[in-house]
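The values are calculated or read from the model by the stated rules, or taken from the named source; none is laboratory data. Every value quoted in this text rests on a predicted model; they were computed, and no experiment measured them. Don't worry about glycine lacking a Cβ; one is built from the backbone with ideal geometry, like all the others, and counts go over all protein chains shown.
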Amino acid sequence: MGWNLSTRYKILLDINNAVITNVSPNDFFKALSTELKNHFDYDRLSIFIYDKETQSLSHFTLADGIQPEGFEKNVRPLDSSSVARMVIQAEQPIIIKDLSKYKDQDSIIAMINANLTSTMAFPLIVRNQILGTMHMSFKKKPGEFKELSEILTDVANQVAIAVGNMVTFSQLIEEKQNLERDKRYLLTTSNDYNPNSFLYTSPAMIDLMKLAQSVAEIDAPLLLTGETGTGKDYIARFIHSISPRKNNLFVKVNCPALSASLFESELFGHVKGAFTGADTNRTGRFEMADKGIIFLDEIAELPANLQAKLLQVLQEHRFERVGDNKVIKTDFRLIVATNRNLSTLIEQGKFRQDLYYRLNMLQIRVPPLRERPEDISYLIKEMNQLESIAINRPAPKYKENVLQFLTSYHWPGNVRELKNLVRRFVILKPGEIISLSDIQNLVSTSQHQSKTPSDDLATLAESEKLCIKRALTKSRGIVGGIKGAAHLLGVPKSTLQYRINKHGLIPHDYS
């Protein structure tokens with residue numbers, strides 16, 4: 001069959017009319033293959049998208065016709081696809097009339113085993129950038145190779161424009177989804193950090209904050225150590241707020257709050273159908289933290305298998321979603337925190353030594369409240385005012401001997417415990433004078449004298465439980481968000497969830 005200029009124009013017009021209304025890759029490819037079948041007797045048609053950064057090929061959609069063994073993989077390294085590699089390197093059509101002459105190539109052997117004898121491959125070029133390749137293969141060698149390659153070159157140029165538009169549209173949709181995801185994440189975490197509520201006056205904390213400022217510019221992993229309630233979360237957020245990454249997300253992962261079965265999905269995301277319950281694609285926290293900071297709180301709770309994967313992600317800054325083999329590259333800074341001694345855990349075989357060395361490039365130890373007593377009286381006075389404003393109640397008044405007593409108390413729960421105590425009195429004794437006996441009802445004299453960290457007393461725990469119950473009642477069982485109990489109590493949602501579980505409370509009971 002001969003193709004004169006008029007015939008070629010008609011073929012291109014027919015193809016354009018067939019595919020122009022299709023916006024999804026599957027519908028487009030189905031319409032394209034159907035129309036090409038009307039004009040060309042091929043046995044396999046496929047389109048690949050080229051990723052220059054990862055040097056890989058992925059199916060634009062499923063191929064039409066014969067499926068050689070091994071070609072069903074969605075993503076393949078470029079070096080495993082010899083014909084496509086030749087097209088991309090040359091940026092010119094590659095015409096192989098006799099595949100049997102290339103039996104040293106695995107992909108061509110697979111084509112021969114599928115009874116294909118010849119193939120034609122064309123670059124898809126848009127705005128001087130190679131987008132991918134289009135392949136047409138045959139069982140019976142076609143006659144007029146030169147004319148066929150010329151008209152298919154014109155077809156490939158037309159297909160390149162359409163595929164390029166789809167890829168751009170898909171990228172815009174993904175960017176829109178990412179912006180919406182970022183917005184949702186920011187709305188749910190915007191109340192977690194208020195720089196004005198991070199209070200200190202002691203020399204120890206002044207020196208620590210100077211150190212935090214100095215490491216904010218350094219794009220390396222940071223390890224924050226210190227007891228529970230010392231403010232490691234605030235230090236991490238402060239560093240983010242003054243770092244070059246401040247205009248991108250600060251993504252927090254509370255390691256103990258996640259189940260082991262969902263941990264990998266949470267960190268790296270998953271694709272639809274990856275496991276039971278995976279009804280949609282999910283973006284992982286590392287992907288969300290691209291250009292920003294990811295904060296892994298209580299890193300010591302990370303399961304052993306994920307410690308190995310975290311080390312790999314730290315080294316390569318790339319990973320795959322659960323159930324997918326597409327490589328995702330992300331640019332993040334990692335900050336981790338722990339209240340445990342990682343050296344001891346290494347000796348016990350519970351934490352990887354190589355991961356520790358990687359994380360410990362920079363370390364900041366946040367001192368417990370008992371090591372900075374100069375902060376205690378100042379914190380009580382400032383928190384007292386802030387909490388009274390937050391819940392619209394008059395601030396209680398603390399006697400001097402009360403402040404002296406609290407300054408010498410060892411504070412096992414640190415700043416978090418102090419803040420909870422202050423808030424309790426704002427709730428329970430608004431505008432009243434707080435006496436030493438009021439404090440001694442909550443704090444044991446023997447504990448006060450022992451100076452050793454321990455769990456909160458039963459009376460303190462009971463008071464905390466009562467406070468949480470009242471907040472849940474007021475919020476009607478809502479834990480997070482602007483109307484939630486966590487906001488009313490002025491604590492992170494994850495912290496309140498932990499305390500709720502500890503006290504055996506069920507938020508639904510208060511709805």
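Exactly one condition in (1) more than 30 Å from residue 59 (Cβ to Cβ); (2) touching a helix residue (DSSP H, G or I) at 6+ places or on another chain (Cβ under 8 Å); (3) hydrophobic (A, V, I, L, M, F, W, C); (4) crowded, with 21+ Cβ neighbours inside 10 Å is not met by residue 268; state its number. Evaluating residue 268 over (1) more than 30 Å from residue 59 (Cβ to Cβ); (2) touching a helix residue (DSSP H, G or I) at 6+ places or on another chain (Cβ under 8 Å); (3) hydrophobic (A, V, I, L, M, F, W, C); (4) crowded, with 21+ Cβ neighbours inside 10 Å leaves (1) as the failure.
Exactly one residue out of 335, 239, 299, 235 is touching a Cys at 6+ places or on another chain (Cβ under 8 Å), β-branched (Val, Ile, Thr) and within 24 Å of residue 368 (Cβ to Cβ): that is 299.
Within region 40-60, the only residue that satisfies the criterion of being in contact with a helix residue (DSSP H, G or I) (Cβ under 8 Å, 6 or more places away or on another chain) and surrounded by fewer than 17 Cβ atoms within 10 Å (Cβ to Cβ) is 55. The residues of region 98-120 that are within 19 Å of residue 45 (Cβ to Cβ), aliphatic (A, V, I, L, M) and assigned to a helix (DSSP H, G or I), listed by number, are 99, 108, 110, 111, 112. Residue 295 passes every criterion in (1) assigned to a helix (DSSP H, G or I); (2) within 20 Å of residue 338 (Cα to Cα) apart from (1).
Look at (1) more than 30 Å from residue 281 (Cα to Cα); (2) buried (at least 19 other Cβ atoms within 10 Å of the Cβ) and you find that residue 374 fails only one, number (2). For the residues 145, 169, the requirement of being aromatic (Phe, Trp, Tyr) and under 22 Å from residue 326 (Cα atoms) singles out 169.
The lone criterion from (1) modelled with pLDDT under 90; (2) surrounded by 14 or more Cβ atoms within 10 Å (Cβ to Cβ); (3) under 25 Å from residue 194 (Cα atoms) left unmet by residue 444 is number (3). Annotation note: Cβ proximity below 7 Å between a residue of region 38-53 that is assigned by TED's automatic domain parsing to the domain that holds residue 151 and at pLDDT 90 or above and a residue that is in a helix (DSSP H, G or I) and of a type in the set (Phe, Trp, Tyr) (sequence gap 6+ or interchain) occurs for 47/29.
Of the residues making up region 92-118, those that are within 13 Å of residue 137 (Cβ to Cβ), within 45 Å of the chain's Cα centre (by Cα) and of a type in the set (Val, Ile, Thr) are 94, 95, 96, 108, 112. Being over 30 Å from residue 481 (Cα atoms), exposed (fewer than 12 other Cβ atoms within 10 Å of the Cβ) and at pLDDT 80 or above is a property that residue 139 lacks.
No other residue among 218, 239, 299, 206 is over 20 Å from residue 314 (Cβ atoms), β-branched (Val, Ile, Thr), at pLDDT 90 or above and not assigned by TED's automatic domain parsing to the domain that holds residue 497 apart from 206. The residues listed here are 475, 494; of these, the one that is modelled with pLDDT of 85 or more, of a type in the set (Ser, Thr, Tyr) and outside the structural domain of residue 296 (by TED's automatic domain parsing) is 475.
Is there a residue being part of a helix (DSSP H, G or I), more than 25 Å from residue 492 (Cβ to Cβ) and at pLDDT 90 or above anywhere in region 406-418? Scanning region 406-418 turns up at least one residue that is part of a helix (DSSP H, G or I), more than 25 Å from residue 492 (Cβ to Cβ) and at pLDDT 90 or above.
If only residues of region 62-74 that are more than 16 Å from residue 109 (Cα to Cα) and surrounded by fewer than 17 Cβ atoms within 10 Å (Cβ to Cβ) are counted, the one that is nearest to the chain's Cα centre (by Cα) is 74.
Being surrounded by fewer than 19 Cβ atoms within 10 Å (Cβ to Cβ) and under 20 Å from residue 153 (Cβ atoms) is a property that does not hold for residue 77. The residue that is nearest to residue 280 (Cα to Cα), among those in region 322-369 that are assigned to a loop (DSSP other than H, G, I, E, B) and touching a Lys or Arg at 6+ places or on another chain (Cβ under 6 Å), is 331. For residue 98, the stated conditions hold: it is in contact (Cβ under 8 Å) with a residue 12 or more places away in the chain, exposed (fewer than 15 other Cβ atoms within 10 Å of the Cβ) and of a type outside the set (Lys, Arg).
Residues in region 411-434 that are over 15 Å from residue 384 (Cα atoms) and small (Gly, Ala, Ser): 413 only.
Among the residues of region 309-347, those identified as surrounded by fewer than 14 Cβ atoms within 10 Å (Cβ to Cβ), more than 16 Å from the chain's Cα centre (by Cα) and in contact (Cβ under 8 Å) with a residue 40 or more places away in the chain are 315, 325.
Taking region 1-40 as the range and being in a loop (DSSP other than H, G, I, E, B), among the aliphatic types (A, V, I, L, M) and more than 24 Å from residue 140 (Cα to Cα) as the test, the residues that pass are 20, 23. Just give me the residues in region 41-97 being of a type in the set (Val, Ile, Thr) and outside any strand (DSSP E or B), in sequence order. Across region 41-97, the qualifying residues are 54, 61, 66, 83, 87, 88.
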